[in-house]
Amino acid sequence: MQKSSKAERADLYKDRSTQVFLSKFLSGEIAELEPIYDPEAGYRYSIVEAIIGEASEPQVFLARLHDAGILKRRLYDRVICCPKCGSASISTRYCCPYCKSFDIQKSSLIEHVKCGYMDVEENFHKEDKLICPKCHDELKKPDVDYRRAGIWCTCRECSKSFDIPITAHFCRDCHMNSSFEDAVIRDVYAYSLCEDVREEVSLDWVVITPVRDFLRDSGFHVESPAFVKGKSGANHVFDIGAYKGETSKKVTVIDLATSTEGPVPEQPVIALFAKVYDVSPDRAYLIAIPELSENGKKMAELYNIQIVEAKTQKEAIKTLKEKMLRK
Ligand SMILES: [Zn+2]
Ligand SMILES: [Zn+2]
Ligand SMILES: [Zn+2]
């Protein structure tokens, strides 16, 4: 938590992935981000994956926001991983403490209250009744005629009996058996926004949230991030997608580009154009914070991409509104 200075957070707020992600909390779409279990890949944060793309690690992204004091986390689960291959596809096995076999039979111990005889439940079973093997009385009422005295295990391999098995882990991928002693255990967290940064976040840094709100108030159906299928069949991700009316074809797409030092270069314009070319939306906007380079502006004009330059949230909304009404 040493790095949790305001400056560190301010740097993070300027990042577009952080903005799109935090706006999910600010808009109330998510209160807490819980990981989703995938049998193939283990726990995943699909929302984060969609925002940051395949090249980056969701865990690293979330840990950075946590270290900066933006997100708080809650221990959600702990995942046992294979000490050899790292796989999380692990099964837990209860084993015989004598010969280590996992082929054990688990039974309940039953005590006949009247005569004091104690044995495993199976030995009391006669047809569908419970009959005491010693005095041959029928056991009817639990806690009156008989009581369950615990668990008793018998090993089918070495025939020994015991009450507490030992735990072992079996890797379904590399078939390695490992003990509790060599287990690699990973913490998995659920994340939520720190209350004390909520105001700081919404103050001036995060532009995505007010833009979403503005579009929604103007009668659009808004998605962020938005996946739009292009003519080529490929899916493209935009920071915001806004739809209006019956025809879902009427789509407005918006990307955000930020720069901490000087104007935003032309790369985000090129990236947006590549997607726009395939998707053919009604309108395409690039919000550039704080401003776009001259070269970027020339390209945007050529590609018919509308530019919204803004230093603050208010400015972004005001300019976007003006541009949207103009057409
Ligand atoms: Zn055994
Ligand atoms: Zn008895
Ligand atoms: Zn393994």
In debye to the nearest 20, the charge dipole size for region 1-124, taken about the Cα centre with +1 at each Lys and Arg Cβ and -1 at each Asp and Glu Cβ, equals 600
When every protein chain stays in place and a 1.4 Å probe is rolled, Met324, Met176, Met118 sorted by accessible area with the largest first are Met118, Met176, Met324
Fraction of alpha-carbon pairs in the chain farther than 39 Å apart, rounded to whole percent, equals 41
Here the tail fraction of P(r) beyond 18 Å, over all Cα-Cα pairs of region 138-201, rounds in percent to 72
For Arg283, the accessible surface traced by a 1.4 Å probe with all protein chains present amounts, in square angstrom to the nearest 10, to 50
Counting every C-alpha pair in region 17-87, the percent lying more than 19 Å apart is 38
Highest GNM mean-square fluctuation among Cys96, Cys158, Cys82, for the chain with Cα springs under 10 Å, belongs to Cys158
By accessible area (1.4 Å), largest first, Ser23, Ser5 order as Ser5, Ser23
By the Cα gyration tensor axes a ≥ b ≥ c (a/c under 1.5 gives rounded; else a/b larger than b/c gives prolate, otherwise oblate), the shape of region 200-300 is oblate
Debye calc, one equal point scatterer per Cα of region 136-175, no solvent, log10 I(q)/I(0) at q = 0.32 1/Å comes to -1.02
Per-residue ellipticity at 222 nm attributable to helices in the chain (runs of n ≥ 4 DSSP H, -39500 (n - 2.57) apiece, nearest 500 deg cm²/dmol) works out to -8000 deg cm²/dmol
Order by accessible surface, 1.4 Å probe, largest leading, for residues His112, His66 comes to His66, His112
Taking the alpha-carbon centre of each part, the distance from region 225-275 to region 10-88 in Å is 23
Cα gyration tensor of region 101-141 diagonalised, 5x eigenvalues square-rooted, in angstrom largest first, produces semi-axes 21, 12, 8
Probe 1.4 Å, heavy atoms of protein chains only: per residue, the accessible area of the chain in Å² is 57
Once normalised by the length of region 213-266, the mean sequence separation of its alpha carbon contacts under 8 Å that are 6 or more apart gives a contact order in percent of 25
In whole Hz, the Karplus estimates of ³J(HN,Hα) for region 282-294 (6.51, -1.76, 1.60; θ = phi - 60°; x where Gly or Pro) are 4, 9, 10, 10, 10, 8, 10, 10, x, 7, 10, 5, 4
Per principal axis, largest first, the Cα atoms of region 267-327 extend in Å by 31, 24, 15
Using a 1.4 Å probe on heavy atoms of the protein chains only, the accessible area for Phe220 in Å², nearest 10, reads 40
Scoring region 107-234 by relative contact order with C-alpha pairs under 8 Å, at least six apart, yields a percentage of 14
Given all pairs of distinct Cα atoms, region 173-242 yields a Kirkwood Rh in Å of 16.8
Counting only protein heavy atoms with a 1.4 Å probe and every protein chain in place, the carbon and sulfur fraction of the accessible surface of the chain in whole percent equals 50
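The values are calculated or read from the model by the stated rules, or taken from the named source; none is laboratory data. All values derive from a computational prediction rather than experimental measurement. Quick reminder, even Gly has a Cβ in these numbers, built from the backbone with ideal geometry, and neighbours come from all protein chains shown. We work out accessible area using only protein heavy atoms, side chains counted, and drop any ligands, DNA or RNA first. Shrake-Rupley method; radii C 1.70, N 1.55, O 1.52, S 1.80 Å.
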